[in-house]
Amino acid sequence: MEYISAFVVGGIICVIGQILIDTTKLTPGRILVAFVTIGAICGAFGWYDKLIEIGGAGATIPLPSFGNALAKAAIKEVKEIGFWGAFTGGIKGGAAGITASIFFGYLASLIFNPKTKK
């Protein structure tokens, strides 16, 4: 049952992204930022944790989970060191994701020819 719920939750997130790509003039970069921002907002309110309980890996792998991780790390850091934690917490919490996105983004730019939407 865990596999099915992970597939459904992850699939719904991906379908939303695909619908945005197909039906709007939003660029993939803007959709990415929107997903991360929505994940951060949901994480700040604790809603994304409930989605993770339901969807497991289907909710932890897609982009909103990265926003959730940033929000949780920033909140934790603010509780520990105060105001400056809002700036340092997200960096500490998202360091692995940031590094991976830079590396794989660069790798993809070497392999593929990016095109803009018209």
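Scanning segment 59-79 for residues that are more than 20 Å from I91 (Cβ to Cβ) and at pLDDT 90 or above gives a single hit, A59. Mind checking which residues of segment 96-116 are β-branched (V, I, T) and in a loop (DSSP other than H, G, I, E, B)? Result: T116, single match.
For first residues located in segment 94-118 and within 21 Å of E77 (Cβ to Cβ), partners that are open to solvent by 70 Å² or more (accessible area, probe 1.4 Å) and part of a helix (DSSP H, G or I) and lie 6+ apart or on another chain with Cβ distances below 8 Å form the pairs I98/I91.
The values are calculated or read from the model by the stated rules, or taken from the named source; none is laboratory data. Because the structure is predicted, anything quoted here is derived from the model rather than measured. Heads up, the Cβs are rebuilt from the backbone with ideal geometry, glycines too, and the neighbour counts pull from every protein chain shown. To get the accessible areas, we keep the full protein, side chains included, count just its heavy atoms, and leave off ligands, DNA and RNA. Shrake-Rupley method; radii C 1.70, N 1.55, O 1.52, S 1.80 Å.
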